[in-house]
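Asks: Let me give you the structure first, and then I'll get to my questions.
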Amino acid sequence: MLVKSLIIKYFFVSFIFFISCQNSEETKMKNQTNIIFLHHSTGRFIWYGDVGKIPRKLGFAGDVEKWFDRHNEEYNKNYNITELFFPKDVPYGRRNYPFDYYNIWVKNAGDQPYKEEPTLEILTKKYNVIIFKHCFPVSNIKEDTIKPDIDSEISTLTNYKLQYDALKKKMLEFPETKFILWTPPALLQIHTYKEEAERANEFSEWLKNVWDEKGDNIFLWDFRDLQLEGGLFLKSEFALDSNDSHPNRKFSKTVAPYFCKRIVDVIEDRGDTANLTGK
């Protein structure tokens with residue numbers, strides 16, 4: 001009888017433990033905040049931060065992932081961040097400029113992917129926070145010498161603004177999802193002209209002071225400000241080398257935590273009051 005009683009107690013305790021673990025896991029999943037970061041090469045440098053090429057190839061986590069792991073552990077949070085190369089090289093093409101986000105998310109919106117790329121209708125069903133950015137040639141902004149055209153791939157201020165206004169209207173259709181956009185990455189002086197850099201700064205200021213409004217679900221991370229530090233061109237000490245406007249490892253390591261902090265500020269409803277750089 002004693003053995004039988006012990007067996008019954010063992011199975012009872014095991015059952016209670018199983019149910020408890022299951023409920024705990026369900027609660028954890030329910031409280032999970034899913035974050036997707038859409039990027040190309042500049043975004044990859046920040047994602048990995050101080051992690052070198054060989055560890056990356058071996059599957060080591062980047063600085064952004066590790067930051068969130070530590071943050072979740074320390075503050076008992078469940079922020080799950082992942083990244084996606086968007087758009088892919090094929091079939092859409094390696095272009096992620098204002099026209100391209102407008103083209104995929106507005107002009108070709110819907111429940112089906114456009115050229116294998118997820119629309120906002122698809123992404124917002126999976127993610128609570130969507131982060132996107134442009135590659136640094138977005139700052140090669142040409143003079144407005146032609147009629148503005150929302151369907152044009154020509155990089156002018158007026159075209160950018162038309163495309164961004166359409167994107168904003170589209171993102172507001174998903175009030176339960178928060179969006180974070182990087183301000184346009186800067187270029188080394190060797191890769192641009194003074195007039196182009198001034199127009200890129202003008203576009204960035206327009207994003208911050210006009211396009212981005214308080215009280216909605218759209219926010220900015222001021223990456224450009226971190227790169228310029230009040231100047232007009234990407235600071236050479238932040239660049240991969242003298243002829244490459246990608247961020248170097250030291251700079252990436254420095255700003256990756258700012259990026260993470262900015263994401264958390266947005267999630268925790270401080271997006272309109274906290275510093276746009278994440279500092």
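Asks: If you go through the stretch 36-64, how many residues are assigned to a loop (DSSP other than H, G, I, E, B) and exposed (fewer than 14 other Cβ atoms within 10 Å of the Cβ)?
Replies: 4
Asks: Tell me, please, whether a residue that is free of Cβ contacts under 8 Å to residues at least 24 places away in the same chain, touching a strand residue (DSSP E or B) at 6+ places or on another chain (Cβ under 7 Å) and under 22 Å from residue 262 (Cα atoms) can be found in the stretch 65-80.
Replies: yes
Asks: Among the residues of the stretch 233-242, how many are outside any helix (DSSP H, G or I) and of a type in the set (Gly, Ala, Ser)?
Replies: Selection size over the stretch 233-242: 2.
Asks: Can I ask one more? Can you tell me how many residues within the stretch 13-72 are modelled with pLDDT under 95 and among the aromatic types (Phe, Trp, Tyr)?
Replies: Qualifying residue count for the region: 4.
Asks: Would you be able to tell me the number of residues in the stretch 243-271 that are outside any helix (DSSP H, G or I) and farther than 12 Å from residue 180 by Cα?
Replies: 9
Asks: Scan the stretch 203-227 residue by residue and report those that are among the aliphatic types (A, V, I, L, M) and assigned to a helix (DSSP H, G or I).
Replies: Across the stretch 203-227, the qualifying residues are 207, 210, 226.
Asks: Quick one: in the stretch 162-185, of everything that is of a type outside the set (Ser, Thr, Tyr) and under 23 Å from residue 234 (Cβ atoms), which residue is surrounded by the most Cβ atoms within 10 Å (Cβ to Cβ)?
Replies: Here the answer is 184.
Asks: Taking the stretch 186-203 as the search range and keeping residues that are free of Cβ contacts under 8 Å to residues at least 40 places away in the same chain and not charged (D, E, K, R), which one is surrounded by the fewest Cβ atoms within 10 Å (Cβ to Cβ)?
Replies: For the stretch 186-203, the residue satisfying everything is 193.
Asks: Now for a different question. So how many residues does the stretch 121-154 have that are in contact (Cβ under 8 Å) with a residue 40 or more places away in the chain and not in a strand (DSSP E or B)?
Replies: Selection size over the stretch 121-154: 19.
Asks: So, residue 3, is that one in contact with a helix residue (DSSP H, G or I) (Cβ under 6 Å, 6 or more places away or on another chain) and either at pLDDT below 95 or under 23 Å from residue 155 (Cα atoms) (or both) or not?
Replies: For residue 3, the condition - in contact with a helix residue (DSSP H, G or I) (Cβ under 6 Å, 6 or more places away or on another chain) and either at pLDDT below 95 or under 23 Å from residue 155 (Cα atoms) (or both) - is not met.
Asks: Shifting gears a bit: So is residue 127 modelled with pLDDT of 95 or more and closer than 24 Å to residue 79 by Cα or not?
Replies: Considered against the rule, which asks whether it is modelled with pLDDT of 95 or more and closer than 24 Å to residue 79 by Cα, residue 127 comes out as yes.
Asks: Among the listed residues 271, 230, which satisfies the condition of being surrounded by 22 or more Cβ atoms within 10 Å (Cβ to Cβ) and either of a type in the set (D, E, K, R) or over 22 Å from residue 48 (Cβ atoms) (or both)?
Replies: 271
The values are calculated or read from the model by the stated rules, or taken from the named source; none is laboratory data. Since the structure is predicted, the reported quantities are computational estimates derived from the model, not experimental observations. Reconstructed Cβ throughout: ideal geometry from the backbone, glycine too, with neighbour counts over all protein chains shown.
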